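Structure record follows, encoded as structure tokens.
The values are calculated or read from the model by the stated rules, or taken from the named source; none is laboratory data. A quick note: this is a predicted structure, and the numbers were derived from the prediction, not measured. Here the Cβ is made from the backbone with ideal geometry for all residues, glycine too, and neighbour counts use every protein chain on show. With ligands, DNA and RNA removed, areas are computed over all heavy atoms of the protein, side chains included. Shrake-Rupley method; radii C 1.70, N 1.55, O 1.52, S 1.80 Å.
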Amino acid sequence: MFSSLRLKLLASFFLVIVIGVGTIAYISSNSAINQFDRYVSRDQAERYQRLALTFSNYYRYMGSWDEVSNLTAKVSEMYNERIVLTDPSGVVIGDTAEKLIGEEIVSDWSNKSVTINLGDFSIGKIYIRTQQRSPLQKTFINSVNKSVLTGGIIAGIVGIVLALLFSRNILKPIRELTEATKKMQQGELDQRVDTSAGGEIGKLGESFNELARRLKEQKTLREEMVSDVAHELRNPLSNIQGYLEGLREGMIDPTKKVFETLHQQSLVLNRLVNDLRDVNRAKAGKLNLDKKLLVLEDIISREIKALKAKAEENGVEISKNLNGPNLIEADPERISQVVRNLIDNAITHTPEEGEIKIETRTSSGEVRTTVTDDGAGIPEKDLPYIFDRFYRVDKSRSRGTGGTGLGLTIAKEIIESHGGKITAKSREGEGSTFEFALPLPE
Ligand code: ADP
């Protein structure tokens, strides 16, 4: 229950309370006593002035200090203090303790003396040994100290109780976080902690929640990926398996066409593996782009040339309207891959006598390339998923043409890793337009 952090917190609270309460108690007790002592000494000073006046009046009345011992005795009794009276030359003429009479006064004998004046003349001096504090004064000071101590103890106890409650509250989110982390270690990735505490601990909770969300997302992605890959491998593998079993049992003749089909299937597998490697690299941010300054239009023209034969074979015409030359900083191999994929898709999905237009335009610091076809188009419901991994509109047809459903996913990763953007617009039956924008160097 008393985790070390809680102990440390409590010890700090305790230390602060002890120092705080102790300092306040010390200061307030001292100031009360000082105030009291000041009051007492002011009172004493007035008293001694009155005493000097009494003795002065006595002298004026009597004309000398004769029989002054009666007065000193009375005063001494009244004040409960020993009183010594000297003449102006310092010889003792009255002492309530009757010890110093006739002797010369030693100055350090007393801690208080008052001169007795008659008119402008000094006629003697009264020496008093004042007590440090009277029993009454001592009682007063003790009661002040006791009150301060009681107040201090009460404040200390209240402080410690509050510290116990606060430390519990402060540590609650940390306890929750520890428990959630332990559960995550055991594979329960659905953990979320309360972040309503705000401040640093709230932020820690938010970071933890974000971490948990990402871990969960990664796990789901990994699981989906494995299941998708298994699914994609199954088709070409079972095709190959079927043909090989047919050949082994003698049910299929080993004709050139059969071997061509087998070869075709192995190519599909090879493409799938290559595309998967690209997707993985791109997702991990490890595409290893070899960027250089290049003319985008040159790359597009080269790819159009390379796919011309396929387009003619399909009876599709390719036209271009390239503005430029536009110099961009990019990896030529990867940009070629994107252009090739877009034109290839357009050829595949455009029927005979169709037309494909390729254009480039520059606007506000970027160059936009569009590949437009008047082919099959993409249904509205499929359009938002077109860049997702393994997404195909017509699954059986696409597999038949060797499509992996990864081409657009890779294209998107490549364009985005160049700081660009790729989008698709389409209407079913009317055609599609794919556009990618790349930033122009400043
Ligand atoms: P594939 O390798 O299957 O072509 P892509 O990721 O390149 O994979 O494309 C995903 C899917 O998007 C395709 O299977 C196809 O259904 C659709 N598609 C892509 N380009 C076009 C286009 N120009 N016209 C119609 N459909 C397209």
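How much FRET efficiency would the formula 1/(1 + (r/R0)^6) give for VAL226 and PHE259, where r is the Cβ-Cβ distance and R0 is 35 Å, rounded to 0.05?
Working from the Cβ atoms, E equals 0.65.
Taking θ as phi - 60°, what are the ³J(HN,Hα) couplings along segment 198-213 by the Karplus curve (6.51, -1.76, 1.60), each to the nearest whole Hz, with x for Gly and Pro?
x, x, 4, 5, x, 5, 4, x, 4, 4, 4, 4, 5, 4, 4, 4
What per residue convex hull volume, in Å³, do the alpha-carbon atoms of the chain yield?
Once divided by residue count, the hull of the chain is 319 Å³.
Between LEU327 and ASN57, what length in nm is gained on full extension when 0.36 nm per residue of separation is reduced by their alpha carbon distance?
85.3 nm
If you fit an axis through the alpha-carbon atoms of helix 69-79 and take the longest principal axis of the Cα set of the chain, what angle between them do you get, 0 to 90°, nearest 10?
30 degrees
Size of the dipole of segment 145-303 about the Cα centre, Lys and Arg at +1 and Asp and Glu at -1 on the beta carbon, nothing else charged, in debye to 20?
Working: 25 positive and 23 negative charges, 169 e Å.
With Lys and Arg at +1 and Asp and Glu at -1, about 820 debye.
Highest GNM mean-square fluctuation, the chain, Cα pairs closer than 10 Å: which of LEU165, LEU276, LEU53?
Between LEU165, LEU276, LEU53, it is LEU53 that shows the largest mean-square fluctuation.
If you take the beta carbon distance between SER89 and THR23 as r and set R0 to 45 Å, what does 1/(1 + (r/R0)^6) give as a FRET efficiency, to the nearest 0.05? Could you put the intermediate results ahead of the total?
Working: r = 53 Å, r/R0 = 1.18.
Step by step, r from the Cβ atoms, then E = 0.25.
Give me the log10 of I(q) over I(0) for segment 127-187 at q = 0.16 Å⁻¹, as the Debye formula computes it from C-alpha points; what are the numbers?
One equal scatterer on each Cα of segment 127-187 leads to -0.74.
Keeping every protein chain present and rolling a 1.4 Å probe, give me the accessible area per residue for segment 326-442 in Å². Write out the running numbers ahead of the final one.
Working: 5540 Å² over 117 residues.
Each residue of segment 326-442 exposes 47 Å² on average to a 1.4 Å probe.
Could you check the spin-label model distance between ILE157 and GLU352? Points 7 Å from the Cα along Cα→Cβ, value in nm.
10.3 nm
If you stretched the chain out fully between LEU237 and SER64, how much longer would it get, using 0.36 nm times the residue separation minus the C-alpha to C-alpha distance?
Extending this stretch completely gives an extra 48.2 nm.
Too long at a 28 Å Cα-Cα cut-off: which of LYS320/LYS381; LYS286/LYS421; LYS256/LYS412; LYS283/LYS320? Kindly include the intermediate steps, with their values, before the conclusion.
Values: LYS320/LYS381 30 Å; LYS286/LYS421 19 Å; LYS256/LYS412 39 Å; LYS283/LYS320 32 Å.
Correct reply: LYS320/LYS381; LYS256/LYS412; LYS283/LYS320.
Over what distance in Å are the Cα centres of segment 306-334 and segment 173-189 separated?
So the separation of the two Cα centres works out to 54 Å.
With springs only between Cα atoms under 10 Å apart, run a GNM on the chain and tell me which of ARG392, ARG42, ARG271 wobbles the most.
Of the options given, ARG42 has the highest mean-square fluctuation.
Under a 5 Å amide H to amide H cut-off, with H placed in plane at 1.01 Å, what residues pair with GLU366 once short-range neighbours are removed?
LEU440
Pull up all non-local amide H partners of ASP95: gap of 5 or more, or a different chain, and H-to-H distance under 5 Å with H placed in the peptide plane.
LEU85
Let me spell out the model: positive unit charges on the Cβ of Lys and Arg, negative unit charges on the Cβ of Asp and Glu, origin at the Cα centre of the chain. What dipole size does that give, in debye rounded to 20?
Its charge dipole is roughly 1360 debye.
Amide H neighbours of LYS320 under 5 Å, counting only residues 5+ apart in sequence or on other chains, H built in-plane at 1.01 Å?
Counting only residues 5 or more places away or on other chains, the set is ILE358.
Put +1 on the Cβ of every Lys and Arg and -1 on every Asp and Glu Cβ in segment 154-246; which of LEU215, ILE240, ALA155 then has its Cα farthest towards the positive end of the dipole?
ALA155
Would you kindly derive the ³J(HN,Hα) couplings of segment 21-29 from the backbone phi angles with the Karplus curve 6.51 cos²θ - 1.76 cosθ + 1.60 (θ = phi - 60°), listing them in order in whole Hz, with x for Gly and Pro?
5, x, 4, 4, 4, 4, 5, 5, 5
Determine which aspartates and glutamates satisfy two conditions relative to LYS308: a Cα distance under 20 Å, and not lying fewer than 8 residues away in the same chain.
Qualifying aspartates and glutamates at Cα under 20 Å: GLU297, ASP298, GLU317, GLU333, ASP344, GLU352, GLU353, GLU355, GLU359, ASP373, ASP374.
Give me the lysines in straight-line cross-link reach of LYS182: C-alpha distance below 16 Å, same-chain residues under 8 apart excluded.
LYS172, LYS216
What are the lysines whose alpha-carbon lies under 25 Å from the alpha-carbon of LYS146, with same-chain residues fewer than 8 places away excluded?
Cα-Cα hits under 25 Å: LYS138.
In Å², and per residue, what accessible area does segment 199-283 have when probed at 1.4 Å with the other protein chains present? The partial results should precede the final answer.
Working: 6030 Å² over 85 residues.
Per-residue value: 71 Å².
Read phi for every residue in segment 13-20 and hand back ³J(HN,Hα) as whole Hz from Karplus 6.51 cos²θ - 1.76 cosθ + 1.60, θ = phi - 60°, with x for Gly and Pro.
So the Karplus estimates, Gly and Pro as x, are 4, 4, 4, 4, 5, 4, 5, x Hz.
Which FRET efficiency, nearest 0.05, do LEU149 and GLU217 yield, Cβ-Cβ r, R0 60 Å?
Approximately 0.45, to the nearest 0.05.
Among TYR61, TYR39, TYR26, whose mean-square fluctuation peaks in a Gaussian network model of the chain (Cα, cutoff 10 Å)?
TYR61
Probe radius 1.4 Å, ligands and nucleic acids ignored: give me the carbon and sulfur share of the accessible area of the chain as a rounded percent.
54 percent
Simple spin-label model, 7 Å along Cα-to-Cβ: LEU136 to ALA11 in nm?
5.1 nm
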